[in-house]
1. Within the stretch 96-109, can one find any residue that is assigned to a helix (DSSP H, G or I), among the β-branched types (Val, Ile, Thr) and over 24 Å from HIS66 (Cβ atoms)?
2. Out of the stretch 133-142, which residues are surrounded by fewer than 21 Cβ atoms within 10 Å (Cβ to Cβ) and either in a helix (DSSP H, G or I) or touching a residue at least 60 places away in the same chain (Cβ under 8 Å) (or both)?
3. Any idea which residue in the stretch 5-20 is surrounded by the most Cβ atoms within 10 Å (Cβ to Cβ), counting only those that are among the hydrophobic types (A, V, I, L, M, F, W, C) and within 21 Å of ALA105 (Cβ to Cβ)?
4. Could you list all residues from the stretch 127-171 that are closer than 24 Å to LYS58 by Cβ and not polar (S, T, N, Q)?
5. Here is a list of conditions, (1) closer than 17 Å to MET91 by Cα; (2) touching a His at 6+ places or on another chain (Cβ under 9 Å), and ILE153 meets all of them except one; can you say which number that is?
Amino acid sequence: MQYAIELYYDEKTEKQLFQLAQGIADRKISTKFLEWQTRPHLTLACFHDVDENECIRKLKVFAENHHAMPAYIGSVGMFNDTKTVFVSPVMTSSMYQFQRELHTALKGFDTKGLEWYCPDRWVPHCTIALTKDDDDEAFFKASNYILHEFKKISGKFESVGLVKITFPVEEIFTAELAL
């Protein structure tokens, strides 16, 4: 089983991002992202089997010792190999440090094969469309829609959560960051 630690936005920002994904579904381009039933987020880390109780305990302590952060979402991107369309925050050194400290707090959990979410290899992104299983044109149509509809968003990162990567995603635990 795989697990992820996700960084969540404030409610207003989350709704704005969700509307972009919903727009793709409403235009019958792709519904794959919505079918996963996950919240808009940045994935901070991915792990193989973890002791859920131990991970929750460590995540609680981590959240208590880290503050909510500004989230300035300023760009659009794509992963061509997985046909994923995403938006990205403007990254700061404190956000990279936040992710590095999370990995330190959760060291010992197996990341082998999931290294692209480890410090120094992380591509922070918020997925809006997953089109790999759709027809070839869906990726281009979804990209075009986002390129035309996306406007910069200012909000906050307010919580972190542990999810089980199942279909749909199972949110196991969420902790608010200190204010």
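1. Within the stretch 96-109, none of the residues are assigned to a helix (DSSP H, G or I), among the β-branched types (Val, Ile, Thr) and over 24 Å from HIS66 (Cβ atoms).
2. Across the stretch 133-142, the qualifying residues are ASP133, ASP134, ASP136, GLU137, PHE140, LYS141.
3. Here the answer is ILE5.
4. LYS156, PHE157, GLU158, VAL160, GLY161, LEU162, VAL163, LYS164, ILE165, VAL169, GLU170, GLU171
5. (2)
Results for (1) at pLDDT 90 or above; (2) closer than 20 Å to ILE73 by Cα; (3) of a type outside the set (Gly, Ala, Ser), shown as yes or no for each residue.
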residue: MET95; (1), (2), (3): yes, yes, yes
residue: PHE98; (1), (2), (3): yes, yes, yes
residue: GLU101; (1), (2), (3): yes, no, yes
residue: ALA105; (1), (2), (3): yes, no, no
residue: GLY108; (1), (2), (3): no, no, no
residue: LYS112; (1), (2), (3): no, no, yes
residue: VAL123; (1), (2), (3): yes, yes, yes
residue: ILE128; (1), (2), (3): yes, yes, yes
residue: ASP135; (1), (2), (3): yes, no, yes
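The values are calculated or read from the model by the stated rules, or taken from the named source; none is laboratory data. Being a predicted model, the structure only gives us computed values, none of them experimental. Cβ sites come from the backbone with ideal geometry, for glycine too, and all protein chains shown count toward neighbours.
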